[in-house]
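Quick notes on the structure that follows.
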Amino acid sequence: MAHLFVVVYDSDAERKRVEYLIDKWSNRAGVSKLKGISFMVEAPDVSKLMEELLSKLDPPTEGKVRVYRVEPEDIGSKVTPKVVEIRYTSNEEPAIVAKLLRYVLSKFGAYYVSGEGSVSRYRAYTKKGRLEITVSVEEEDNGTAVDISIEGYGSAVEDMAKKLRRELSLLL
């Protein structure tokens, strides 16, 4: 069964990531980029449109036009993001721990997106996918509590969690 994917991208970098994925999957499945013009028509009957379209093309027209019935699929209900939670306690001051975390995250390609109070949000683009990382650094009675939440798709989440655990176990 064929599946038509329509991907809307906002930047050239995003387009390149999608094209890389298409190239990667073309070895695993019958994946090909469409040549020509592609468009969607939402109407119960497209026979008149097909007739008019064929009249506009130079002969031979056989094989130049392929029409598929398409119905949208809710991929959000089929693929849910993975979340990994990491918790550490440190004897260092919260300001020192927060600075260390900024350094470690930047080392792994994460950049600061936003923050409110003791919670900071980062984003990372890795070869395996995009990640949303939330970091909370709070002072507690027995030291400084660090909570890290990594969210994304595929193996990128576990890979980043593994790197952070390794790095933080050495530093905290």
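The values are calculated or read from the model by the stated rules, or taken from the named source; none is laboratory data. This structure is a prediction, so every number in the text was calculated from the model and none was measured. Ideal geometry is used to build each Cβ from the backbone, glycine not excepted, and the neighbour counts take in all protein chains shown. Each accessible area value is taken on the protein alone, full model and side chains, heavy atoms only, with ligands, DNA and RNA left out. Shrake-Rupley method; radii C 1.70, N 1.55, O 1.52, S 1.80 Å.
Tell me, what ³J(HN,Hα) does each residue in segment 128-133 have, in order and in whole Hz, if you take phi through Karplus 6.51 cos²θ - 1.76 cosθ + 1.60 with θ = phi - 60° and put x for Gly and Pro?
Running phi through 6.51 cos²θ - 1.76 cosθ + 1.60 with θ = phi - 60° gives 9, x, 8, 10, 10, 10 Hz.
Let me know the number of lysine pairs in segment 14-64 closer than 26 Å at the Cα, not counting same-chain pairs under 8 apart.
13
Restricting to DSSP loop positions (anything but H, G, I, E, B) with no more than 11 other Cβ atoms inside 10 Å of their own Cβ, which GluC sites (Glu not before Pro) remain in segment 1-57?
Glu42
So what are the ³J(HN,Hα) numbers for segment 32-44, from phi and the Karplus equation (6.51, -1.76, 1.60; θ = phi - 60°), rounded to whole Hz, Gly and Pro as x?
The phi angles translate into 8, 7, 6, 9, x, 10, 10, 8, 10, 10, 9, 7, x Hz.
How many angstrom lie between the Cα centre of segment 52-105 and the Cα centre of segment 108-172?
Cα centroid to Cα centroid, the span is 20 Å.
Compute the signed sum of charges (Lys and Arg +1, Asp and Glu -1) over the other residues within less than 13 Å, Cβ to Cβ, of Tyr112.
Around Tyr112, the surrounding residues sum to +2.
Place the peptides 142-151, 90-99 in order of packing, highest mean first, counting for every residue the other Cβ atoms within 10 Å and averaging per peptide.
Result, highest mean Cβ count within 10 Å first: 142-151, 90-99.
Just subtract the alpha-carbon distance of Thr80 and Arg165 from 0.36 nm times their residue separation and send over the number in nm, one decimal.
So the extension gain works out to 28.3 nm.
Tell me, what is the 1.4 Å probe accessible area of Lys16, in Å² to the nearest 10?
120
Please identify every one of the chymotrypsin sites (Phe, Trp or Tyr not before Pro) in segment 1-96 that sits in a loop by DSSP and has no more than 11 other beta carbons within 10 Å of its own beta carbon.
Phe5, Phe39, Tyr68
Hey, with R₀ at 35 Å, roughly what FRET efficiency would Ser114 and Phe5 work out to, going by the Cβ-Cβ distance, to 0.05?
Working: r = 30 Å, r/R0 = 0.87.
According to the calculation, E is roughly 0.70.
Counting only complete DSSP H runs, which helices of the chain cover 15 Å or more along their long axis at the Cα atoms and score a mean Kyte-Doolittle of 0.0 or above?
Taking the DSSP H segments of the chain (at least 15 Å long, mean hydropathy at least 0.0), we get 94-107.
Semi-axes, largest first, in whole Å: what does sqrt of 5 times each Cα gyration tensor eigenvalue give for the chain? Provide the component values of the computation, followed by the final result.
On the way: eigenvalues 493, 47, 36 Å².
One finds semi-axes of 50, 15, 13 Å for the chain.
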